[in-house]
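In what follows, a structure is listed as structure tokens, so that the remarks can point back to it.
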Amino acid sequence: MEHTMKLLMTETSPELSRLCRQKLPEHNIDVNVCPRNGVVAYSELAAQKPDAVLLDIFMPGMDAFSVKKKYNENFPQSQTAFYVTGTFQNEEIEREVMENGFQFYFLKPFDVEAFAQRIRGTSDRRAPSVPRQTIPAEDMITDLLRTIGLPAHINGYPFLRIAIMMV
């Protein structure tokens, strides 16, 4: 059975919040809604430490960027996934959202089913995995060259390998 995830979201709109409370539990996502205020959202976030957070990009008190930054500074080991929502589409803001480590920017109103799939997908990628063995770069390059069919005995092979390692 899937583990129940905890989602904290700011009050985006009464109808959208109601829809999230209604639909997300069907996907094993427990929803808690807090007022649309950055200071309140941060205190709720710090108290609950949810698996995922959906913040309005612009809120009174603190914006979504400030809330995430403060939370990451105070809880550096946290695996909380941050999502943001807004009422307008702007490439500059979307780029800033992604550069600041948010998982996705949802344009209001958004599809709650798609949101649930996004949250579940992020959770699956963040799940602890078996540690991988590290392979030295030289061995990886040698394997790659062998895979594409380049034999080691041809002229220039060592130079090609060194060039790839330099890049």
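Observations, loosely collected:
- Its Cα centre serving as origin, the stretch 1-97 has a Cβ charge dipole (Lys and Arg +1, Asp and Glu -1) of approximately 260 debye.
- Helix-only arithmetic for the chain: the sum of -39500 (n - 2.57) across DSSP H runs with n ≥ 4, divided by the residue total, places the mean residue ellipticity at 222 nm at -14000 deg cm²/dmol.
- For the chain, size of Cβ-based charge dipole, Lys and Arg +1, Asp and Glu -1, in debye: 280 debye
- Set of lysines near K70 by C-alpha distance (under 19 Å), chain-local residues within fewer than 8 positions excluded: K49
- Sites matching chymotrypsin sites (Phe, Trp or Tyr not before Pro) across the stretch 25-117 that sit in DSSP coil, with at most 16 neighbouring C-beta atoms within 10 Å: F58, F88
- Inter-centroid distance (Cα atoms) of the stretch 1-80 relative to the stretch 149-167, Å: 51 Å
- Spin-label pair R120-M98: with each label point 7 Å from Cα along the Cα-Cβ axis, the two points sit 2.5 nm from one another.
- Under 19 Å from the Cα of K108 - lysines, other chains or at least 8 residues apart: K23
- When the chain is described by a simple charge dipole with +1 on each Lys and Arg Cβ and -1 on each Asp and Glu Cβ, the residue from P25, P60, P35 located farthest towards its positive end is P25.
- For the chain, built as a Gaussian network whose Cα springs stay under 10 Å, the top-fluctuating residue of I141, I29, I57: I141
Where a number appears in this text, it was derived from the coordinates with a stated rule and is not lab data. All figures in this text were calculated on a predicted structure; none of them were measured in a lab. For neighbour counting, all protein chains shown are included, and Cβ atoms are generated from backbone atoms with ideal geometry for every residue, glycine included.
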